[in-house]
Amino acid sequence: MSAALLGRLCTELGLDAGRAVTAAHSAVPLSSRLPVGELAWSSIMIAGGALASDAWSSPDPGRVAAAYVSDRHLRVAGTAPEAFAPLSGFWRTRDGWVRTHGNYSHHAAALRAGLGLAAGAEVAEVRTTLARMAAVQAADGIRAAGGVCVPVAQEHPSVDAELRRHPLITLSRIGDSRARALPRGDGATPLDGVRVLDLTRVLAGPVATRTLALAGAAVLRVDPPGRPEIAWQHLDTGHGKRSALLDAGADRARLDALVAEADVVVLGYRPSGLARLGLDARTLTARNPQLVVAQLSAWPGADSPRGFDSIVQADCGISWIESADGIHPGALPAQALDHSAGYLLAAGIATALRRRAASGGSWYVRTSLRRIAAELLGLSRSAVTTPAGSNGPDSVRTQDFDVAGMRVTTVAPAVTWPGGPELFAAPRPWGADAPEW
């Protein structure tokens with residue numbers, strides 16, 4: 001496995017690349033034409049090194065693979081969840097294919113509305129309607145209604161090359177303030193006492209904040225009360241966090257009070273929508289000049305449309321690269337863009353906190369799924385799908401929790417550092433806590 005990607009990440013974050021790349025590792029068992037295993041191993045490796053201030057230990061490749069497909073190991077009351085809802089997937093159109101995302105009920109409703117279908121339209125009606133439409137027409141109509149859909153596209157080599165000119169993780173100082181040391185409570189974990197306000201959902205943002213919680217941060221996830229999270233998804237990424245409900249528009253004073261006492265705010269919704277609510281980096285750091293603001297989106301820029309890992313894969317050409325027959329689009333063996341974005345964002349946050357402790361300031365950390373896709377597309381690929389290999393008997397380690405009377409089984413963390421924890425803390429029930437530190 002090449003050390004080039006890990007070396008690049010170390011350079012971006014000011015870590016010791018020489019020490020990092022000497023850590024022994026082997027191939028991560030994720031079957032793909034693209035080097036997903038290299039991306040996964042490097043992302044988890046850099047998260048551990050950044051959290052532990054340049055102390056390194058090599059993650060187990062099997063556990064890395066398990067972490068990237070954690071939804072397949074999750075059991076809630078003994079039942080495996082369905083990762084994708086019926087209206088999420090690839091659909092043939094008159095002139096090609098589209099990819100949709102309808103896991104959330106409001107996105108499924110918007111998809112039907114964008115196609116001019118009744119609220120209760122089933123899969124067969126959606127399939128028939130899309131088969132009569134051009135791919136661009138379908139995607140435009142669904143997006144205009146507030147849904148999520150893209151045509152399944154070929155690679156964009158010039159776009160990818162331009163994206164690779166920029167860092168995978170952007171760190172910038174956006175304001176001045178006095179230095180603020182890491183709180184360092186009584187615990188031995190790297191981020192003990194750090195307060196993280198988690199305004200994210202789905203996968204990448206929750207993976208980032210779950211990783212910060214593993215490192216000792218006090219993470220408070222806040223969701224809007226009218227948009228319930230998918231239950232299994234929260235249990236798969238909610239480890240070690242408290243979970244509260246708060247309407248950012250109606251109870252702004254309460255949210256502002258949380259921001260004022262936070263060390264980090266992590267944003268995972270569309271940048272333009274957050275800006276309308278005054279939840280952009282500049283506005284947040286004006287309220288709290290010692291704040292680290294971390295933001296991720298599907299695409300770079302403030303006007304990033306709605307998007308998820310599977311949608312970005314379809315848009316940037318990955319779906320055709322991973323096609324088994326060149327006729328039907330395919331997908332990566334894991335939601336690798338989401339997971340990698342989460343681990344890289346956690347690494348960037350840890351680095352920004354150290355820089356704040358050394359020289360003060362407010363800091364902005366940024367990445368996007370599309371930027372990570374461009375990096376993956378620039379790595380060496382195989383002409384055929386690489387075999388998955390074997391995780392080994394000890395690689396997939398699971399944990400059992402009792403969450404509101406339900407037995408929940410999840411995989412143990414893959415991020416590691418010398419002396420770091422081997423297990424996650426339990427998830428809390430979604431929305432069960434008060435919106436306060």
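The values are calculated or read from the model by the stated rules, or taken from the named source; none is laboratory data. Because the structure is predicted, anything quoted here is derived from the model rather than measured. Because the Cβ atoms are built from the backbone with ideal geometry, glycine has one as well, and the counts that use them run over all protein chains shown. Side chains included, ligands, DNA and RNA excluded: accessible areas come from the protein's heavy atoms. Shrake-Rupley method; radii C 1.70, N 1.55, O 1.52, S 1.80 Å.
Based on this model, can you work out whether Ala314 counts as surrounded by 24 or more Cβ atoms within 10 Å (Cβ to Cβ) and either within 30 Å of Trp91 (Cβ to Cβ) or in contact with a helix residue (DSSP H, G or I) (Cβ under 6 Å, 6 or more places away or on another chain) (or both)?
The answer is yes for Ala314.
Confirm whether Ser177 is under 27 Å from Val293 (Cα atoms), more than 24 Å from the chain's Cα centre (by Cα) and not in a helix (DSSP H, G or I).
When the stated conditions are applied, Ser177 passes them.
Counting just the residues of region 130-167 that are among the β-branched types (Val, Ile, Thr) and crowded, with 19+ Cβ neighbours inside 10 Å, which one comes out farthest from Leu376 (Cα to Cα)? First the steps, then the outcome.
Going residue by residue through region 130-167, those that are among the β-branched types (Val, Ile, Thr) are 136, 142, 148, 150, 152, 159.
Restricting the remaining residues to those that are crowded, with 19+ Cβ neighbours inside 10 Å gives 142, 148, 150, 152.
On the way: Ile142: 28, Val148: 23, Val150: 20, Val152: 18 Å.
Step by step, filter region 130-167, then rank; the result is Ile142.
Would you please name the residue that is most open to solvent (accessible area, probe 1.4 Å), looking only at residues in region 168-187 that are within 30 Å of Leu379 (Cβ to Cβ) and aliphatic (A, V, I, L, M)?
Restricting to residues being within 30 Å of Leu379 (Cβ to Cβ) and aliphatic (A, V, I, L, M), the top hit is Leu171.
Any idea how many residues of region 66-90 are in contact with a strand residue (DSSP E or B) (Cβ under 9 Å, 6 or more places away or on another chain) and assigned to a loop (DSSP other than H, G, I, E, B)?
Total satisfying the criteria: 7.
Any residue at all in region 149-157 that's of a type outside the set (Val, Ile, Thr) and assigned to a helix (DSSP H, G or I)?
yes
Those residues that are hydrophobic (A, V, I, L, M, F, W, C) and at pLDDT 95 or above, I need them from region 256-280; list them, please.
Correct list: Ala257, Leu258, Val259, Ala260, Ala262, Val264, Val265, Val266, Leu267.
Across region 152-180, what is the total count of residues that are farther than 22 Å from Ala346 by Cβ and of a type in the set (Ser, Thr, Tyr)?
2
Determine whether region 6-15 contains at least one residue that is closer than 18 Å to Leu203 by Cβ and touching a Ser or Thr at 6+ places or on another chain (Cβ under 6 Å).
At the first step, the residues of region 6-15 found to be closer than 18 Å to Leu203 by Cβ are none.
Within region 6-15, not a single residue is closer than 18 Å to Leu203 by Cβ and touching a Ser or Thr at 6+ places or on another chain (Cβ under 6 Å).
Restricting the search to region 188-218, which residues are hydrophobic (A, V, I, L, M, F, W, C) and either closer than 19 Å to Ala281 by Cα or surrounded by fewer than 24 Cβ atoms within 10 Å (Cβ to Cβ) (or both)? Working first, answer last.
The first filter runs over region 188-218 and keeps only residues hydrophobic (A, V, I, L, M, F, W, C), leaving 188, 191, 194, 196-197, 199, 202-204, 207-208, 212-215, 217-218.
Selection gives Ala188, Val194, Val196, Leu197, Leu199, Val202, Leu203, Ala204, Ala208, Ala218.
Tell me, please, whether a residue that is free of Cβ contacts under 8 Å to residues at least 60 places away in the same chain, of a type in the set (Phe, Trp, Tyr) and either crowded, with 21+ Cβ neighbours inside 10 Å or over 23 Å from Leu376 (Cβ atoms) (or both) can be found in region 89-97.
yes
When you scan region 281-294, do you find a residue that is open to solvent by 50 Å² or more (accessible area, probe 1.4 Å) and touching a helix residue (DSSP H, G or I) at 6+ places or on another chain (Cβ under 7 Å), even just one?
Yes, region 281-294 contains at least one residue that is open to solvent by 50 Å² or more (accessible area, probe 1.4 Å) and touching a helix residue (DSSP H, G or I) at 6+ places or on another chain (Cβ under 7 Å).
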